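S.K.: Quick one: structure below, then a few questions.
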Amino acid sequence: MRLIILALLTLAIAAGVGLGLTWTTATRGIDLGTLTIGSWTARPRSGSNDIDPYARASVARSGELPIGTGDGITFTAATDDNNKPLDGRCDVIVSGVTPPARFWTLTLYDTKGRLVANTLERYGFTSQEVVRSADGAFEVRIAARSRAGNWLPTSAIDRYVLALRLYDTPVGIATRSQKDAPMPAIATVGCP
């Protein structure tokens, strides 16, 4: 009898640990095949047949539709370049240039993957509408209060995530560093 109870306890612990780790991996993801440049992170194989099983589970759970490998790549950032979480009550500046791409979008999401609700219904910028300086660089200010220039409202949410989608770009699996793909800088410049 003691052997049966011990076996059942062992199976219950193994099942709990296995299911817990699977849930954690599917919700938070892991770094298999992940490309990280500065604060920006991408999974270049998410839109291909070579997707790893953990990324496949994460995509299935979230319901997102990844960009196909031949179409482009999505980079996300949840922290600034100093590893500080992006806070909707602070002023954050995304500036610089993007890697070569026919078209790109920069979009603001909450931590659950939904667009950040705001009265202006302004959720992001595209490469065609962002105002640039003479050298081609841009600066997008992300803040709770109105700012001059390229401004995205945060509605003062606690945390948010930025998504930079590059369409028709050479950036992908072979990219390894900032030299290969110059990504925009993310800096927190003011916090109340």
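S.K.: Within region 15-55, can you find the residues that are among the charged types (D, E, K, R) and modelled with pLDDT under 75?
M.R.: Residues satisfying the conditions are R28, D31, R45, D50, D52.
S.K.: Tell me, please, whether a residue that is surrounded by 11 or more Cβ atoms within 10 Å (Cβ to Cβ), more than 19 Å from T74 (Cα to Cα) and either modelled with pLDDT of 90 or more or of a type in the set (F, W, Y) (or both) can be found in region 167-177.
M.R.: Checked against the condition, which is being surrounded by 11 or more Cβ atoms within 10 Å (Cβ to Cβ), more than 19 Å from T74 (Cα to Cα) and either modelled with pLDDT of 90 or more or of a type in the set (F, W, Y) (or both), region 167-177 yields no hits at all.
S.K.: Then there is this: Considering only region 128-142, how many residues are surrounded by 18 or more Cβ atoms within 10 Å (Cβ to Cβ) and out of contact with any Leu (no Cβ under 8 Å at 6 or more places or on another chain)?
M.R.: 1
S.K.: Of the residues R165, R145, which single one is basic (K, R) and assigned to a strand (DSSP E or B)?
M.R.: R165
S.K.: Within region 144-163, which residues are closer than 19 Å to K84 by Cβ and of a type in the set (S, T, Y)?
M.R.: Scanning region 144-163 gives T154, Y160.
S.K.: Another question about this same structure. Looking at S155, S133, S95 in this structure, which one is without any contact (Cβ under 8 Å) to a residue 60 or more places away in the chain and either assigned by TED's automatic domain parsing to the domain that holds T79 or among the acidic types (D, E) (or both)?
M.R.: When all the criteria are applied, what remains is S133.
S.K.: Here is a follow-up. Say we look at region 125-150 and pick out the residues that are of a type in the set (D, E) and more than 21 Å from the chain's Cα centre (by Cα); which of these is modelled with the highest pLDDT?
M.R.: E129
S.K.: Quick check: is even one residue across region 88-105 surrounded by 15 or more Cβ atoms within 10 Å (Cβ to Cβ), aromatic (F, W, Y) and at pLDDT 90 or above?
M.R.: yes
S.K.: So, in region 148-162, of the ones that are assigned to a loop (DSSP other than H, G, I, E, B) and not hydrophobic (A, V, I, L, M, F, W, C), which residue ends up surrounded by the most Cβ atoms within 10 Å (Cβ to Cβ)?
M.R.: Among those residues, the one meeting the criterion is T154.
The values are calculated or read from the model by the stated rules, or taken from the named source; none is laboratory data. Just so you know, these numbers come straight off a predicted model, no measurement behind them. Ideal geometry is used to build each Cβ from the backbone, glycine not excepted, and the neighbour counts take in all protein chains shown.
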